[in-house]
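Asks: Provided herewith is a single structure, encoded as structure tokens, for subsequent inquiry.
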């Protein structure tokens, strides 16, 4: 009996280690997520870093944008979160579809939303496609004045409307702060 229990515990440990290594970890930006493929990191401005990976076959794209040094009120309210969402939507040429919902991620306020935008570029031979974006905004207030960077994490997955989006929710759910 002890041997069976020991083998079962060993199998659970191996499975846990395998799933933990599947995550992309950014120690510099304090997050981990199960991207669908190799991650490309770019710094778009001194304050914004982007991490992107395309799902196999180009079915959908996973992305994490980290904005540091964000000015935040003492209490992060729904109004503040909605204002940041409006900035994100405007910056991405997106229109929100449906209502926002509010939650927390590891004790930090978060907002969930869905939006659409139009893909119209050289990669699509200039044919326009509607794309659907599922997103999560996480608001992290720094507790460390030395490290001291309030951050907003914008975690999103998007696909052209009608494409397989089945992996997007699993990607969003895999995101964690470290």
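The values are calculated or read from the model by the stated rules, or taken from the named source; none is laboratory data. These numbers were taken from a predicted model, which means no experiment stands behind them. With ideal geometry, Cβ positions are generated from the backbone for all residues, glycine too; neighbour counts draw on all protein chains shown.
Asks: When the residues of segment 168-178 are filtered to those that are at pLDDT 95 or above and either touching a helix residue (DSSP H, G or I) at 6+ places or on another chain (Cβ under 9 Å) or outside any helix (DSSP H, G or I) (or both), which remaining residue is surrounded by the most Cβ atoms within 10 Å (Cβ to Cβ)? Break it down into steps so the answer makes sense when it comes.
Replies: Of the residues in segment 168-178, the ones at pLDDT 95 or above are 168-177.
Cutting the leftovers down to either touching a helix residue (DSSP H, G or I) at 6+ places or on another chain (Cβ under 9 Å) or outside any helix (DSSP H, G or I) (or both) gives us 175-177.
Details: 175: 21, 176: 15, 177: 15.
Among those that are at pLDDT 95 or above and either touching a helix residue (DSSP H, G or I) at 6+ places or on another chain (Cβ under 9 Å) or outside any helix (DSSP H, G or I) (or both), it is 175.
Asks: All but one of (1) out of contact with any strand residue (DSSP E or B) (no Cβ under 7 Å at 6 or more places or on another chain); (2) in contact (Cβ under 8 Å) with a residue 12 or more places away in the chain hold for residue 102; which doesn't?
Replies: (1)
Asks: Got a sec? Which of 9, 85, 89 is more than 16 Å from the chain's Cα centre (by Cα) and either modelled with pLDDT of 95 or more or farther than 30 Å from residue 163 by Cβ (or both)? Break it down into steps so the answer makes sense when it comes.
Replies: Numbers: 85 fails: more than 16 Å from the chain's Cα centre (by Cα); 89 fails: more than 16 Å from the chain's Cα centre (by Cα).
Within the list 9, 85, 89, the selection yields 9.
Asks: Just to check your reading of the model, which residue among 143, 163 is under 25 Å from residue 26 (Cβ atoms) and part of a loop (DSSP other than H, G, I, E, B)? Talk me through it step by step, then tell me what you get.
Replies: On the way: 163 fails: under 25 Å from residue 26 (Cβ atoms).
Exactly one residue qualifies, and that residue is 143.
Asks: Something else: Hey, could you check segment 146-160 for residues that are part of a strand (DSSP E or B) and out of contact with any helix residue (DSSP H, G or I) (no Cβ under 9 Å at 6 or more places or on another chain) and say which is modelled with the lowest pLDDT?
Replies: Our first condition is that a residue be part of a strand (DSSP E or B); within segment 146-160, this holds for 151-160.
If we keep only those that are out of contact with any helix residue (DSSP H, G or I) (no Cβ under 9 Å at 6 or more places or on another chain) too, we end up with 151, 153.
Details: 151: 95, 153: 98.
Ranking the candidates gives 151 first.
Asks: Further, regarding this structure: Which one of these is part of a strand (DSSP E or B), within 18 Å of residue 49 (Cα to Cα) and at pLDDT 90 or above: 111, 137? Break it down into steps so the answer makes sense when it comes.
Replies: On the way: 111 fails: within 18 Å of residue 49 (Cα to Cα).
Exactly one residue qualifies, and that residue is 137.
Asks: Report yes if some residue within segment 76-92 is surrounded by 15 or more Cβ atoms within 10 Å (Cβ to Cβ), assigned to a loop (DSSP other than H, G, I, E, B), without any contact (Cβ under 8 Å) to a residue 60 or more places away in the chain and on the phi < 0 side of the Ramachandran plot; otherwise report no.
Replies: Checked against the condition, which is being surrounded by 15 or more Cβ atoms within 10 Å (Cβ to Cβ), assigned to a loop (DSSP other than H, G, I, E, B), without any contact (Cβ under 8 Å) to a residue 60 or more places away in the chain and on the phi < 0 side of the Ramachandran plot, segment 76-92 yields at least one hit.
Asks: For segment 125-132, state whether one or more residues are closer than 14 Å to residue 154 by Cα, modelled with pLDDT of 95 or more and in contact with a strand residue (DSSP E or B) (Cβ under 8 Å, 6 or more places away or on another chain).
Replies: The first filter runs over segment 125-132 and keeps only residues closer than 14 Å to residue 154 by Cα, leaving none.
Within segment 125-132 (the criterion being closer than 14 Å to residue 154 by Cα, modelled with pLDDT of 95 or more and in contact with a strand residue (DSSP E or B) (Cβ under 8 Å, 6 or more places away or on another chain)), the answer is no, since none of the residues qualifies.
Asks: Here's another thing I want to ask about it. Inspect segment 93-103 for any residue being in a strand (DSSP E or B), closer than 17 Å to residue 155 by Cα and at pLDDT below 95 and give the result as yes or no.
Replies: Checking segment 93-103: not a single residue is in a strand (DSSP E or B), closer than 17 Å to residue 155 by Cα and at pLDDT below 95.
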